[in-house]
Amino acid sequence: MEIQKTYVMLKPTCVQRGLIGEVISRIERKGYKIIDAKMMYLNEEILREHYAHLTDKPFFPQILDNMTSGPVLGLIVEGRNAVVGMRILMGATKFEEAAAGTIRGDYASSTRENIIHGSDSLENAEIEIKRFFG
Ligand code: CDP
Ligand code: MG
């Protein structure tokens, strides 16, 4: 049994669509705890850092537009195997691969606006928690 912390972010589309409560309920129902939360407006600098693996992609400007279109809610989520557990709860990145029953599968109809971010490894979880919560 490994208690981990992971970084989760409810993207602007999630906030704008009024889905904060729904998504947080699912995280809590899984048995995870929200141990910190922060509403933030992200700037290009922090997004270039956070999405460094995507800055060369042709669609990066659209990611920037989407992620700066309104506030995000950053969360630190804690629980047993929370890093992989949150990835499973979130569902696949691509909307056509996100299974029904997952957060993305149930609430997102586009890859760009897939409403939620979750760290993809324990190492990145630590980096992202530092990046967004200091
Ligand atoms: O968010 P996740 O870790 O599942 O995927 P990623 O590969 O790290 O990509 C980050 C975000 O970029 C995704 O969640 C999508 O919103 C966006 N993206 C996109 O718009 N189009 C793609 N072909 C790939 C990613
Ligand atoms: Mg990622």
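The values are calculated or read from the model by the stated rules, or taken from the named source; none is laboratory data. All values reported here derive from a predicted model rather than from experimental measurement. So basically every Cβ, Gly included, is an ideal-geometry build from the backbone, and we count neighbours across all protein chains shown. We work out accessible area using only protein heavy atoms, side chains counted, and drop any ligands, DNA or RNA first. Shrake-Rupley method; radii C 1.70, N 1.55, O 1.52, S 1.80 Å.
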For the range 37-71, give me each residue that is open to solvent by 90 Å² or more (accessible area, probe 1.4 Å), in a loop (DSSP other than H, G, I, E, B) and in contact with a Ser or Thr (Cβ under 8 Å, 6 or more places away or on another chain).
Y41
Residues being in contact with a strand residue (DSSP E or B) (Cβ under 7 Å, 6 or more places away or on another chain), within 13 Å of ligand 1 (Cβ to nearest atom) and in a helix (DSSP H, G or I): count how many of those fall in the range 90-134.
5
Cβ-Cβ under 7 Å pairs, at least 6 apart or on other chains, the range 44-71 side free of Cβ contacts under 8 Å to residues at least 40 places away in the same chain and closer than 24 Å to G134 by Cβ, far side in a helix (DSSP H, G or I) and open to solvent by 40 Å² or more (accessible area, probe 1.4 Å):
T55/R48; L64/E44
Which pairs have Cβ atoms under 7 Å, sit 6 or more apart or on different chains, and link a residue in the range 121-134 that is on the phi < 0 side of the Ramachandran plot to one that is of a type outside the set (D, E, K, R) and part of a loop (DSSP other than H, G, I, E, B)?
A125/S119; E128/S119
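What number of residues within the range 1-36 are outside any helix (DSSP H, G or I) and open to solvent by less than 30 Å² (accessible area, probe 1.4 Å)?
9
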